[in-house]
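The values are calculated or read from the model by the stated rules, or taken from the named source; none is laboratory data. Note that the structure is a prediction, hence the values are computed from the model and not measured. For neighbour counting, all protein chains shown are included, and Cβ atoms are generated from backbone atoms with ideal geometry for every residue, glycine included. Quick note on the areas: whole protein, heavy atoms, side chains included, nothing else; ligands and nucleic acids left out. Shrake-Rupley method; radii C 1.70, N 1.55, O 1.52, S 1.80 Å.
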Amino acid sequence: MSFGVTPVGTASPADYQRLQKTCAQAGKELVCRVAEPLHLTVTTKNGNGEVEAAPGETATVSMRGTRITCRNS
């Protein structure tokens, strides 16, 4: 299972570099702190799930083991 983030719309190399810091390992958990428009993709052996964060939306998405949670920030 993995997470991936990409910018919405036209993006510069700096945008991609900034988004690389969106997700990080926190102990046994992978945590993504969404605070800007982006595409978040969760990939599993059974397929992909994608969501687009709109301007003004914030969320914390985390994965611990095989459990994924998403909370408004």
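By the Cβ distance rule of under 4.7 Å, the chain has these cysteines without a partner: 70.
Accessible surface area normalised per residue over the chain is 70 Å², counting heavy atoms of protein chains with a 1.4 Å rolling probe. Distance between the 7 Å Cα→Cβ label points at residue 26 and residue 39: 2.6 nm.
Could you check how many percent of all C-alpha pairs in the chain are farther apart than 13 Å?
Values: 1718 of 2628 pairs.
Cα-Cα pairs of the chain separated by over 13 Å account for 65 percent.
May I ask you to derive the relative contact order of the chain, considering only C-alpha pairs under 8 Å and at least 6 residues apart, and to give it as an integer percent? Working shown, then result.
Working: 128 pairs, mean separation 21.6, N = 73.
Result for the chain is 30 percent.
Using θ = phi - 60° in the Karplus curve 6.51 cos²θ - 1.76 cosθ + 1.60, the 3J(HN,Hα) couplings for segment 52-67 round to 10, 8, 8, x, x, 7, 9, 7, 10, 10, 9, 10, 10, x, 10, 9 Hz; x is entered for Gly and Pro.
Using 0.36 nm per residue of separation minus the Cα-Cα distance, give me the extension gain between residue 1 and residue 50 in nm, one decimal. Intermediate values should be presented prior to the final figure.
On the way: separation 49, 0.36 × 49 = 17.64 nm, distance 1.33 nm.
Gain on extension, residue 1 to residue 50, equals 16.3 nm.
Label separation (residue 64 vs residue 18): 3.1 nm, computed from points 7 Å beyond Cα along the C-beta direction.
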